[in-house]
Every structure is written in C-alpha cells, then in structure tokens.
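Below is one structure, written out as structure tokens; comments come after it.
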Amino acid sequence: MAASVRVGDIAPDFELPAQTGETVRLSDYRGKRVVVLYFYPKDQTPGCTAEACAFRDSYEVFSDAGAEVIGISSDSVASHERFAGAHRVPFALLSDDDGRVRKSFGAKSSFGLLPGRITYVIDPDGVVRHMFSSMTNIGGHVEGALAVVRELTEQP
C-alpha cells in the first residue's frame, strides 16, 4: 500500500470511468474547481447509500460554492449506474475496479476488511486541504468537506 496522502500533499492524478460512461480525470478540474473526492466501500449498502444521499442532498450547495463532488469505489460502472439511478445521484461515481486509485491515495481499509470511507477536499491547484476518515460518521464527511470548500472559495 502506498503512503497515505495527507493534507498539504498534491493529490495523485487518475483517470477512471464514471457511471455515465465518460472518463473522469482529476486533472480536468485543475485550475477550475475544488474537488470533494470520497472513497466508499460498496454501492447499495446502508452506510454508503446514506453517504451518497447526504452528498446528493448537499450537491447544489457544493456546486454553488465552486466544488465538484466525486465518489469512488471498486464497484463496476454498471453497479454505479444502477446505484446512481436508484438514489438520484447527480455527481460522478467512478469505478476503481482494481483498487489502483485507492492505493495511490493510501486510502486504508477499516477493520482490516472493508475498504475505508475517506473524504478528501482538493483545491484547484491539486493540493489536499482536508481529509476525513470515518466509517460511521456520515455527516462528518459532508459537513467537514463543505466547511473547507466554503473557506477555499470565499471571495475577499
């Protein structure tokens, strides 16, 4: 496993397929938007559904503040398509089927079994400005990320 990406590090670039069939690259947002990137264990599980719906319910607030939300798990594009459709997820869910991107971030497993639930806020320069890891505090992922996004995008 790679060393964990920490606050202040440059986020590793990646290219992954979304539920829409499009390819998403982190570098596509460089110089343009803050990215809220969250890794989650599995589509259609109670905690992951709650997390996706919490980000969905705040998506307009994130978007209006100049941020893009992106979710990543090892589920297939087809699984993401079903999950996004069932829960009206308006943002990209990316398929990291071989775990390569999770490894590049050093996003560790929880309890030694499940892929961890970790949220990163990445500024337009590609610098990680916030990281939050909790399997159970779903609200902490959304609220913490939103607070940092607002700090980063406040106009003087």
Completion exercise
Those residues of the stretch 21-54 which are part of a loop (DSSP other than H, G, I, E, B) and within 15 Å of P115 (Cα to Cα) amount to Y40, P41, K42, D43, Q44, T45
Exercise for the section: Determine if the stretch 30-43 includes at least one residue that is closer than 15 Å to F83 by Cβ, hydroxyl-bearing (S, T, Y), touching a residue at least 60 places away in the same chain (Cβ under 8 Å) and surrounded by 15 or more Cβ atoms within 10 Å (Cβ to Cβ). Expected result: yes
Practice task
Six or more apart or on different chains, Cβ under 7 Å: which pairs go from a residue in the stretch 132-156 that's farther than 14 Å from Y120 by Cβ to one that's at pLDDT 85 or above and assigned to a helix (DSSP H, G or I)? Could you list them?
Solution key: I138/A50; I138/E51; I138/A54; G139/A54
Practice task
Evaluate the following for A78: is it touching a residue at least 60 places away in the same chain (Cβ under 8 Å), small (G, A, S) and surrounded by fewer than 22 Cβ atoms within 10 Å (Cβ to Cβ)?
Solution key: no
Practice task
Go over the candidates S104, S58 one by one and state the one that is closer than 16 Å to T153 by Cβ, in a helix (DSSP H, G or I) and among the hydroxyl-bearing types (S, T, Y).
Solution key: S58
Practice task
Return yes or no: is A65 touching a residue at least 24 places away in the same chain (Cβ under 8 Å) and in contact with a Ser or Thr (Cβ under 8 Å, 6 or more places away or on another chain)?
Solution key: yes
Practice task
Check V89, V61 and return the single one that is β-branched (V, I, T) and loosely packed, with under 15 Cβ neighbours inside 10 Å.
Solution key: V61
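The values are calculated or read from the model by the stated rules, or taken from the named source; none is laboratory data. Small disclaimer: the values here were computed from a predicted structure and weren't measured. Heads up, the Cβs are rebuilt from the backbone with ideal geometry, glycines too, and the neighbour counts pull from every protein chain shown.
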